[in-house]
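Here is the structure we will look at, set down as structure tokens.
Just so it is clear, none of the values below were taken in a lab; they were calculated from the coordinates. None of these values were measured; they are calculated from a predicted model. Glycine gets a Cβ as well: all are built from the backbone with ideal geometry, and neighbour counts include every protein chain shown.
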Amino acid sequence: MSDKMKTYPVVDVKTHHPDMKSFYFTQIEEQIHPGQFFNLWLPGVDEKPFSVSDVYQGIMEITIKAVGPFTRAFMNVKRGDLIGIRGPFGQGFTLHQHSLLIGGGMGIVPLHYLARLLRAKGFHFEVILGGRSEKDIPFVTEFSEWAPTTFVTEDGSIGYQGLVTQFIKEIIYRSKLSHIYSSGPEGMLIRVMEEAAGNGLDYEISFERYMKCGIGICGQCVVDGSGIRLCKEGPVLNRDEAENVTEWGMTHRNAAGKRENKLS
Amino acid sequence: MKPDISVTFLTKKMSSPLVLASGVLGLTADSMKRVLDAGAGAVTTKSFSMEARKGHPCPTILPFENGLLNAVGLSNPGAEEMNKEISKLRNLSKGLIFASIFGKTPEEFGRTAALAAESEPDLIEVNVSCPNVESEFGTPFGASFRDVEAITKIVKHAAGAVPVSIKLTVHCQSLSKMAHVCEESGADAITAINTVGPGMLIDTGVMKPVLANKVGGVSGPAIFPIALKAVWEIAGTVKLPVIATGGVTTTDDALQMIMAGASLVSIGSAVYYKDLDVFSNINAGLLDWMTERKMKNLQEIRGKAHE
């Protein structure tokens, strides 16, 4: 796979539930870092960025939830269908000992691949995952097997009832963790940044903005403050990079490049 | 005496002859500031219109072996939003700011130019040559002498004290005649060239064109010789300063453009090949080249290829 567009067959599909599926691809030649993403082209529909949920034994997994026209159309993709793939793009997570993985909703996806690599290294880590309901949390079984995992849902259907941010401080203190990884809704990420800063912890966070080219030239995914490109210098930013951005939680840009107030 | 790559463009001093071409990283003030900090002497905004435009669905930009194919479709947040970015950038950097504009009709070019002039850019670059909106806009205005004449006059009038450069396409009957039309209609400069084509890429798996728009403009190293010849032809025809753009990736490319007669050299697709370092690397390359030849400034080689 490369920057150039090429179609690859879907070798398998796993249905988590009718609105959330994993799609599997082979022919992976390069090393893919957790947190990196691919642009997936559904011929005749559109092209959108997706982070990798797993790379295991030469098979790449992309996990998609139906939320808009593109992802809804993707739910009809079957084994053998050809999907255009460009990437891997961007900077991913680096591997650290004694970490806490904080994920919300589909933001959990890149943390799944990260957890696999941390586990392979024998690193100690704990996990806290949140969502509206149990069905909004992918990879419940895998995380539960791999690491001490706290689940938090808004409806209490799995784990505690509430928001993940209520539990971060307690876990950091109890387990003496020194590095935070996070991915999820921006409102949650801002709370994670505050908690991390308050506790003097380093972090790596995966952010999201509207992307087009994936190769750092169109300027669609630049963020205010530092002007960095999330598709190139991101989507995973470290503490210094994330703190230099001034628009978190306030604005993002739509397809025209026009600022919109961010609802998170 | 140490060589100096600073240049004077129209009346303004620039630290480098390198310009960020329109369509690359030109959406926000902070993004353009990064490019100026990286060594560009000026930045050109993404082309903007009076109202915001979504552009085409993706894929919009595709690398191929020797260049990029794009059909972004002139997505932009509209003149009001872009003016805010230009004003913000003015306070962040000393680099020059070129505002790239377009419209659906000559009158709309005029109104957009009048709006753009409110933010007092150092130049208004008039994009009469985008090849990616033909299904919506028809044949680019840049193909017609009469349209270019009308747009140049109307924009020049609307721009007031802000100088105007017309961005030309090679897809016209005669570039030298088109350059004359620009000069006689009051243009202050010419930007050459826009992307070439349109072109196409087909995926052999699904056997369909890859761009959502099917066709798109070709840029990057593939078009450098075409752009160079266009610059040479225009610079040999008119006295207007030429902003050369098209496939410049290396110091040698930039030198060739200057020898063909370019006053400024724009860089766009090379940001993909060399990232933002391309600006400081070419600046350093120009200085080294001049030092070896004991040259003081770039004026000594400008247009040399015509002698």
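Scoring B:G246 on the criteria (1) without any contact (Cβ under 8 Å) to a residue 24 or more places away in the chain; (2) touching a helix residue (DSSP H, G or I) at 6+ places or on another chain (Cβ under 7 Å) leaves a single failure, condition (1). Would you be able to say whether some residue in region A:190-212 is within 14 Å of chain B (Cβ to nearest Cβ) and in contact with a helix residue (DSSP H, G or I) (Cβ under 8 Å, 6 or more places away or on another chain)? No, because not a single residue in region A:190-212 is within 14 Å of chain B (Cβ to nearest Cβ) and in contact with a helix residue (DSSP H, G or I) (Cβ under 8 Å, 6 or more places away or on another chain). Selection of first residues in region B:50-62 that are in contact (Cβ under 8 Å) with a residue 12 or more places away in the chain and more than 7 Å from chain A (Cβ to nearest Cβ) and of second residues that are buried (at least 23 other Cβ atoms within 10 Å of the Cβ) and hydroxyl-bearing (S, T, Y), restricted to Cβ pairs under 6 Å at least 6 apart or on distinct chains, gives the following pairs, ordered by first then second residue: B:M50/B:T112. A Cβ distance below 9 Å, combined with a sequence gap of six or more or placement on separate chains, defines the contacts here; from region B:291-306, residues that are surrounded by 13 or more Cβ atoms within 10 Å (Cβ to Cβ) reach no residue that is assigned to a helix (DSSP H, G or I) and of a type in the set (K, R).
Out of B:S22, B:S87, report the one residue that is surrounded by 23 or more Cβ atoms within 10 Å (Cβ to Cβ) and more than 10 Å from every other protein chain (Cβ to nearest Cβ).
B:S22
For region B:63-80, residues that are surrounded by fewer than 19 Cβ atoms within 10 Å (Cβ to Cβ), more than 30 Å from B:I226 (Cα to Cα) and at the interface with chain A (Cβ under 8 Å from one of its Cβ atoms) total 1. If you scan region A:169-211, which residues turn out to be farther than 20 Å from A:W248 by Cα and either buried (at least 20 other Cβ atoms within 10 Å of the Cβ) or in contact (Cβ under 8 Å) with a residue 60 or more places away in the chain (or both)? Residues satisfying the conditions are A:I171, A:I172, A:S175, A:K176, A:L177, A:S178, A:H179. Exactly one residue out of B:A99, B:A117 is more than 29 Å from B:N213 (Cβ to Cβ), touching a residue at least 12 places away in the same chain (Cβ under 8 Å) and small (G, A, S), and it is B:A117. For the subset of region A:39-79 comprising residues that are in contact with a His (Cβ under 9 Å, 6 or more places away or on another chain) and either in a strand (DSSP E or B) or among the basic types (K, R) (or both), which member is farthest from the other protein chains (Cβ to nearest Cβ)? Top of the filtered list is A:D54. Count of region A:238-264 residues, restricted to those that are in contact (Cβ under 8 Å) with a residue 40 or more places away in the chain and either at the interface with another protein chain (Cβ under 10 Å from one of its Cβ atoms) or surrounded by 21 or more Cβ atoms within 10 Å (Cβ to Cβ) (or both), is 6. Only one of the listed residues (A:S51, A:S22, A:S2) is buried (at least 22 other Cβ atoms within 10 Å of the Cβ), closer than 24 Å to A:V236 by Cβ and polar (S, T, N, Q). That residue is A:S51.
Looking across B:L10, B:L27, one residue alone is facing another protein chain (nearest Cβ under 9 Å), closer than 22 Å to B:V128 by Cβ, within 19 Å of the chain's Cα centre (by Cα) and among the hydrophobic types (A, V, I, L, M, F, W, C). It is B:L27.
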